[in-house]
Each structure stands twice: as C-alpha cells, then as structure tokens.
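Contents: one structure, followed by commentary.
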Amino acid sequence: MATMGGDQRQMMEDAAEDKFPEGLRILVVDDDRVCLTVLEALLRRCKYQPTTVMDAKTALRMLMAGKQQFDLVITDVCIPDMDGFKLLELIRLEMNLPVIMLSVDCDKKVVMKGIEHGASDFMVKPVRTHELKNIWQHVQRWRNPKAISHISDHDSDVQRVQPATADKSKLSGNKRNVVDDSNKHNESTCVSATHRKPRVTWTIQLHNKFLEAINQIGLDRAVPKKVLELMNVDYLSRENIASHLQKYRLHLKKVNSNHSGDAYERWNSSYNMNN
DNA sequence: TTAAGAATAT
DNA sequence: GATATTCTTA
C-alpha cells in the first residue's frame, strides 16, 4: 500500500463528503491472481481505491493494524489459508465493516451461507463493472443504518399481519407489492442479500463508555436517548442501548438483593471474550 | 408521534 | 446468556 501524504488524505476526506462513493477504500481478497488483477482494474474504473491481498491472514493483519483504513472488504469464498466464511465471520466480529462475498458459482447453499454469516452482498464471478458501481451502497448502509428499508419479503413465511393498526405505510392505498422474482438466475448477476445490521457486541470498552455516560447522567435519570448522545458511537441505536440498559439495570438489581462480592466479577467476565 | 421500559423472541 | 424486537404505556 502506498503511504499517502497529508494532502492526499485530505483530498480523500473531501471526496468522501462531496462525491462520496469515490475513493472508497476497498480490500480485495482472492488467491487467484487473474481475478485479483481484473477486480482491481474494475474497481479503479469505478473510482474506488482498491488494495489487493491473496490470503486471509494478510488481509486480517492489514485490517487489524491500521484501524479504519478500509471502508469495505470483498473476499472470495475460496481462499487458501482460511475459509472465506471464517474470514467473513472474523471481520464481522472484530471490525465494523461491510463484506461482500465472491464466488464462481451461484450455488444457493453457498449464497445462503454467506448471508447467514452476515455478508452484505454476494457476487458471482465474473463480476462486471456495473455490479461494482453500486457497491458503495453497502458502505452507506453501514454508516447510516437508519436508512435501511425493511425488505423482509423474501420467503413464503406467513407474515403475521396485525389487524387494522399495523399498517406502516403512509399511503392510504396500501399496495402490498411483491416483486416477483421470475428470473431466479441470470448468470453472473449479483444476488442481493438481506442487509442486516450486525449484532452489537458489548465489549469492555463499549461497556465502559456506556458506564461513563451513565455516571455522567446519573443512573436514575439515564434513558437510552441521552446515553446514546453521550456515547456518540455511530453504529449504536437507541434500541441497542435500551436493551443494554435493561440488562444492566437487571444486573444491578441482582447485585443489590444478594450482594455476593463476585457479582461484579461475573458481569465483567462476560466481556472478556474479545477485545 | 416519540420514546421508555417491560416482556418476549431469537 | 446476550442482544434484538415487540408490546404497552406515558
């Protein structure tokens, strides 16, 4: 990777605000040199800023080392030193980045697996430019999760329809349009995944920040909205905090009733898994 | 209409 | 168990 001077970085930040999708930093992981090169060229053509690596370990090391150096990761399913899904999992666990999976075939099971592991998207090789042009949307989704439109109409699941009051649409005429997917596979198009916010992991750091906020506000006056503001962590939602606050208060109650000294320990120990 | 907090669901 | 989502209430 090229080291960049302050000027360049500044330029990129400007770009990030003005013409947002340009200059997006993308890490591409694929063991096939040809694919890698092609992909790199295509990404460049889309005005992105690709970095290529050929194995998972290097990818991880780069991601971990400089924090927040990338906006998006694209990885092949088959990479030598690690299962692509494993890599996906790790990235999702350790960092807050959208990941796009890549594969040569569109086997439903594989795609499914990608989705289940939290891939933002799944593309089938060969990837075309027009598919890449739009991948910035995943970054945008990540940064602004509020804009997520719940398109959960992908199964024949009996959608539990509440009587009159449940209608969220503002339009009076409620058209329940189900986009028919008559073309289940056009070859080499990207199969769009359900975009789902990653489950929040309350690391010790995050929890400490939470505590800090609570201390500042005062436990009794602490409400999710205020805590959210004070914490100022962009990927957290009010609901996330509400949930955690609920758990925290429950925990406090326990501690108060039976104050066995190790209750505190127990609370903290549940955060020692990672970070 | 929004948000808190309890109750459930995953 | 942890976190998300739904439900009820204010």
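Which pairs, out of A:K133/A:K209; A:K113/A:K133; A:K47/A:K113, put more than 26 Å between their alpha-carbon atoms? Mind dumping the intermediate values first?
Details: A:K133/A:K209 37 Å; A:K113/A:K133 24 Å; A:K47/A:K113 30 Å.
Result: A:K133/A:K209; A:K47/A:K113 exceed 26 Å.
On the first, second and third principal axes, largest extent first, how far apart are the outermost C-alpha atoms of region A:46-135 in Å?
Its Cα atoms span 34, 29, 22 Å along the three principal axes.
Taking the Cβ of each residue in A:L24, A:L206 as the centre, tally the other Cβ atoms inside 10 Å and list the residues starting with the fewest. It would help to have the intermediate numbers written out before the result.
Working: A:L24 23, A:L206 18.
Ranking A:L24, A:L206 by Cβ neighbours within 10 Å, fewest first, gives A:L206, A:L24.
List every residue whose amide H lies under 5 Å from the amide H of A:L24, counting only residues 5 or more places away in sequence or on a different chain, with H placed 1.01 Å from N in the peptide plane.
Correct list: A:Q49.
Check which residues have an amide H placed less than 5 Å from A:S237's amide H, if you skip close sequence neighbours.
Those lying under 5 Å, H to H, from A:S237: there are none.
Each reported figure results from applying straightforward, stated rules to the coordinates on display, with no laboratory input. Quantities reported herein were computed from a predicted structural model and do not represent experimental measurements. With ideal geometry, Cβ positions are generated from the backbone for all residues, glycine too; neighbour counts draw on all protein chains shown.
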